[in-house]
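These notes concern the structure reproduced below.
Quick note: the coordinates plus some simple rules give every number you see, no bench work behind them. No experiment lies behind these values; they were computed from the predicted model shown. Cβ sites come from the backbone with ideal geometry, for glycine too, and all protein chains shown count toward neighbours.
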Amino acid sequence: MPLVSGMELKSNKLELEKNFEEACLSKEFVMLVKSLKLDKTSAMKKTIKLQETLEEKSHCKNCKGTFMCKNAYNGHVLIPTKKENRIYFTYMPCKYEEQILEKNKQNERKVRMKDIDTKDKKQLSIIKWMDSFYENYDLAKNSKGLYLHGSFGSGKTYLLTALLNELEITKHVSVEMVYFPEVLRSIKEDFDAFGYKMQRFMNVDILLLDDIGAEKVTEWGRDEVLGTILQHRMEKNKTTFFTSNLTIKELETNLSIANNSVDKVKSRRIIERIKQLSVDMELVSENRRD
Ligand code: ADP
Ligand code: MG
């Protein structure tokens, strides 16, 4: 005796057909079948699965992120594809999940605290300071950053980058590390983005202004850009780091552009803000750049 009788097969087929006809009341469903170029028999067999893909797609429509994902497999969406006349259903990462995957990929390439070697004894006091900063870091507290100055190639940028990456990845702090001379150049080139960039520099949880004083700044760069950023960060108790080849004293001279009395006052004002925002430390060591 056959496992499934002819009668049963027939009623199954009727059932499938009924489901299919019902599904076809939806315009989206008809369009989907059409776009996949499915004939009626193949489409009929997959009605429920096809409907499921439409439902998942509709969930994605007003979704704001994987935290509110309504789909069966978080951060993914069921997609139908046709290959050699057969239909396949696969879970694909949604646009939010893709962003997360991309970010994770970037994070894998970032320098972390564990990558720091400790063979240069001159770096030890800085590394110790950073360890303690990392352990005690609390967004709600007002923690001062460093004004890390010293010789070229001694590891200033490297060390602070490792610390900030670590905080970003493990403590989800927003950080921005910018090569300061480049900030001024890029702002001049793309003035439309000026406001947006300034907002970011003013409000990010931790800012690193790298290589400050490496170039002579203009009055505008000093007062409107640097001054504004530092003033805002001071008022909002936002952690700020600096690296420089200059001591604070030398930076004061560097920032006194025209070297007249008005300029000296303005430069002094910037220096006061830097002192309020950071702890002064020195790293003079061998040049490790190749
Ligand atoms: P600076 O900013 O002081 O001019 P960098 O931070 O650019 O110097 O350091 C130069 C190079 O030395 C870095 O690119 C990095 O490869 C290497 N370096 C410095 N310190 C360390 C360290 N503790 N562990 C691993 N590499 C380091
Ligand atoms: Mg540097």
Give the residue list of GluC sites (Glu not before Pro) in region 164-271 that are DSSP loop and have at most 14 other beta-carbon atoms within 10 angstrom. GLU215
Do any GluC sites (Glu not before Pro) in region 1-97 lie in a loop, going by DSSP, with at most 14 other beta-carbon atoms within 10 Å of their beta carbon, and if so which? GLU84
Given a 10 angstrom Cα cut-off, can you work out which residue in ASN74, ASN254, ASN62 is the most mobile in a GNM of the chain? ASN62
May I ask you to list the trypsin sites (Lys or Arg not before Pro) in region 97-132 that are in a DSSP loop and have at most 10 other Cβ atoms within 10 Å of their Cβ? LYS119
May I ask you to work out the translational diffusion coefficient for region 208-284 at 20 °C, viscosity 1.002 mPa s, via Stokes-Einstein with Rh from the Kirkwood sum over Cα pairs, reported in whole µm²/s? 170 µm²/s
Over its Cα atoms, what ratio of radius of gyration to 2.2 N^0.38 Å does region 1-66 give? 1.42
The answer for the per residue Cα convex hull volume of region 141-270, in Å³, is 106 Å³
Mean ellipticity per residue at 222 nm, deg cm²/dmol - from DSSP H runs of n ≥ 4 across the chain, formula -39500 (n - 2.57): -15500 deg cm²/dmol
Take the eigenvalues of the Cα gyration tensor for the chain, scale each by 5, and report the square roots as semi-axes in whole Å, largest first. 61, 22, 15
Gaussian network model of the chain, Cα springs within a sub-10 Å range: biggest mean-square fluctuation belongs to which of GLY155, GLY65, GLY213? GLY65
Which residue, SER154, SER35, SER267, has the most motion in a Gaussian network model of the chain that connects Cα atoms within less than 10 Å? SER35
Listed residue pairs exceeding 31 Å between alpha carbons, taken from LYS171/LYS266; LYS114/LYS188; LYS216/LYS238; LYS64/LYS275; LYS128/LYS188; LYS61/LYS82: LYS171/LYS266; LYS114/LYS188; LYS64/LYS275; LYS128/LYS188
Spin-label model distance (nm) - LYS45 vs VAL173, 7 Å beyond Cα toward Cβ: 5.8 nm
